[in-house]
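> Below is a structure I'd like to ask you about.
The values are calculated or read from the model by the stated rules, or taken from the named source; none is laboratory data. Predicted model, so just to flag it, every value in this text is computed and none were measured. In this analysis, Cβ positions are derived from the backbone assuming ideal geometry, glycine residues included, and neighbour counts consider all displayed protein chains. Surface accessibility is based on the protein's heavy atoms, side chains included, excluding ligands, DNA and RNA. Shrake-Rupley method; radii C 1.70, N 1.55, O 1.52, S 1.80 Å.
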Amino acid sequence: MRHVISALVMNEPGVLASVAGLFSARGFNIDSLVVGRTENPELSRMTVVCSGDENTLEQIRKQLAKLVPVVKVRDYKGAAYVERDLCLVTVSVAAEQRSEVIEIVTLFRGRVVDVAKGSLMVEIAGTEEKIEALVELIRPYGIKELARTGVIAMARGTQQAKDEAAEKPATGGKRKRHLDAPAAPALPPS
């Protein structure tokens, strides 16, 4: 089963390696991994797309949440969210066929971003399925080069309100990690 997992992490060196190591230690292939800055310069959002059974993914989510630089983990399974992927494709196309390719790209709400004598470069953003559909339609013209960013995802506004209501602390609730927390005391060497 496909899972889209989002982790809010501290913006520091080595976090990406720790998260990727956690997945590889469990034998999971990461289909897509994207890391980017957020509105807070101290945090980055990491979006991981992978496939696997529910029990193992639950273990990974829990272990991911235990990593020190991870502030918050979210699996979008069963939640309302928006996901996007960006793709650039260079298509080999003669002048006679350009209008056909441009028409296909326009139907997918993509756009031409570069034109050369024997090729077009097109840009398309959307779900993985939308991008795959466009790629299959333009494949017969000849794809010279293709690059994709990977999936990014965020909860829809209605879902965020539900999540915030569910996170309201009850008395004796679980401790939350946050950026302003004081440093933990150092343990003596063993």
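> Please work out which residue is farthest from N11 (Cα to Cα), limiting yourself to segment 66-93 and to residues that are of a type in the set (A, V, I, L, M, F, W, C), more than 17 Å from the chain's Cα centre (by Cα) and modelled with pLDDT under 90.
Looking at residues that are of a type in the set (A, V, I, L, M, F, W, C), more than 17 Å from the chain's Cα centre (by Cα) and modelled with pLDDT under 90, I get L67.
> I need a count of the residues in segment 105-120 that are crowded, with 16+ Cβ neighbours inside 10 Å and not polar (S, T, N, Q).
Total meeting the criteria: 4.
> Okay, moving on. Could you check, for segment 47-59, whether at least one of its residues is closer than 23 Å to T127 by Cα, surrounded by 12 or more Cβ atoms within 10 Å (Cβ to Cβ), modelled with pLDDT of 90 or more and out of contact with any His (no Cβ under 9 Å at 6 or more places or on another chain)?
Looking for residues that are closer than 23 Å to T127 by Cα, surrounded by 12 or more Cβ atoms within 10 Å (Cβ to Cβ), modelled with pLDDT of 90 or more and out of contact with any His (no Cβ under 9 Å at 6 or more places or on another chain), one finds at least one in segment 47-59, hence yes.
> Going by the conditions given, is I104 of a type in the set (V, I, T) and more than 30 Å from G142 (Cβ to Cβ)?
No, not satisfied.
> Would you confirm, using the coordinates I've provided, whether V35 is at pLDDT below 90, open to solvent by 60 Å² or more (accessible area, probe 1.4 Å), of a type in the set (A, V, I, L, M) and out of contact with any Cys (no Cβ under 8 Å at 6 or more places or on another chain)?
In short, no.
> May I pose another question? On the basis of being open to solvent by 60 Å² or more (accessible area, probe 1.4 Å), at negative phi and either modelled with pLDDT of 95 or more or not aliphatic (A, V, I, L, M) (or both), does D180 make the cut?
It is true that D180 is open to solvent by 60 Å² or more (accessible area, probe 1.4 Å), at negative phi and either modelled with pLDDT of 95 or more or not aliphatic (A, V, I, L, M) (or both).
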